[in-house]
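Please read the structure below before turning to the comments.
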C-alpha cells in the first residue's frame with residue numbers, strides 16, 4: 001500500500017477538490033475532513049486544520065498515488081507499507097463513522113484501585129474491517145472478559161498496536177509530583193501514538209481518534225510541543241464510532257486482564273475490580289498479610305481506598 005501526502009493552502013486544496021469533482025464535507029462530527037473521493041483505485045482525502053494548512057492524501061496500490069499527488073506538488077511525502085493479507089470485501093458495521101486508514105487510542109484501569117493503567121493506540125486500515133467484524137469487535141466494556149481473553153492474543157498479532165503500561169507504583173509517584181490522572185493519560189495517549197507511528201512507519205497525516213477523557217484544549221496543553229502532527233479528533237465513547245478506538249479498547253482490556261491474572265497469582269487470591277467497599281476489604285486483608293510496603297506495588301495510593309481504615 002502506498003501513502004502519499006502534500007501540504008497546500010486553501011486555494012490549492014479547493015483546486016484539487018474541484019479537479020476530482022469532490023463534494024466539500026461540512027460535518028461537525030468530522031471537523032478535519034475537507035473532501036473525500038475515490039479515483040482510479042486511489043483514495044484521495046483532504047484534511048483541514050486550525051491553521052488553514054490543508055493536507056491532501058493519496059492512498060492505493062503501486063505508483064498511481066504518487067503520480068496523482070505529483071500533479072499538484074513537487075514536494076510529495078511518501079510512505080510504502082507492506083500488505084500481506086489478501087484484500088477482503090468490506091462489510092461496514094452500521095454505526096462506524098470512518099472506516100478508512102486511522103489511528104485510535106483508548107485506556108483501561110484508571111478507575112481501579114488495584115492494577116496498572118493501560119493505554120493502547122491501534123492502526124486500522126479498510127482491509128482490517130472484515131476481520132474486526134468477524135471477531136465482533138466493539139467497546140470492550142460491552143464484551144465479556146472471557147471472550148476478550150480468548151481473542152486478545154490473536155488481535156495483538158493481527159492489528160498494528162502499541163501498548164503503554166504504567167504500574168500503580170509509578171502512577172502514585174507521578175501523582176505525588178503533581179501529575180493528575182488526566183495529565184498522565186494525555187501523555188500516555190500521545191506516547192502511544194508516537195510509538196505506534198515509529199514502530200510501523202505510519203504517516204503523520206493519518207487521522208487519529210482519541211476516546212475523549214478530558215477537553216481537547218486541556219489535552220493539548222498537557223502534552224505541549226510534543227504532540228503528534230496528525231489531525232487529532234476527540235470523541236466521547238469513540239469506540240462506538242471508530243474501529244481503531246474499538247480495537248484499541250479491546251487490546252487494552254486484554255492486556256489489563258493478563259496483568260490482573262499475574263497480580264492475583266502473586267498475591268494468592270481473587271481481587272475485585274473497581275474501587276468499592278469490597279475492594280477495601282480485600283486490600284485490608286492483603287495489607288495485613290503482606291505489609292503496606294509490598295502492597296504499594298499493586299495499588300494506586302492516591303485513591304481514597306488507600307486512606308481508609310479497617
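Taking 67, 216, 293 in turn, the Gaussian network model of the chain (Cα-Cα springs below 10 Å) assigns the largest fluctuation to 293.
Please grab the % of Cα pairs in the chain that end up more than 30 Å from each other. Above the 30 Å cut-off, the chain has 39 percent of its Cα pairs.
When the Cα convex hull of the range 2-80 is projected onto planes of every orientation, the mean area is 5.0 nm².
The ranking of 36, 58 from fewest to most other beta carbons within 10 Å of each one's beta carbon is 36, 58. Ordering 290, 75 by the number of other Cβ atoms within 10 Å of each residue's own Cβ, fewest first, gives 75, 290.
With an 8 Å Cα cut-off and a minimum separation of 6 or more residues, compute the relative contact order for the chain in percent. Could you put the intermediate results ahead of the total?
Details: 547 pairs, mean separation 64.7, N = 310.
Once divided by the residue count of the chain, the mean separation gives 21 percent.
Rg and Dmax, both from the Cα atoms of the range 102-262 and both in Å, are 14.8, 45. Taking each DSSP H run with n ≥ 4 as -39500 (n - 2.57) and averaging over every residue of the chain yields -12000 deg cm²/dmol at 222 nm. The ranking of 112, 74 from fewest to most other beta carbons within 10 Å of each one's beta carbon is 74, 112. Using the Kirkwood radius over C-alpha pairs as Rh, can you work out the diffusion coefficient of the range 197-285 via Stokes-Einstein at 25 °C, viscosity 0.890 mPa s, in µm² per second? It diffuses with D of about 152 µm²/s by this estimate.
The angle between the Cα long axis of helix 243-267 and the main principal axis of the chain comes to about 20°, on a 0 to 90 degree scale.
Where a number appears in this text, it was derived from the coordinates with a stated rule and is not lab data. For clarity, every value in this text was computed on a predicted model and none was experimentally measured. Every residue, glycine among them, receives a Cβ derived from its backbone with ideal geometry; neighbour counts consider all protein chains shown.
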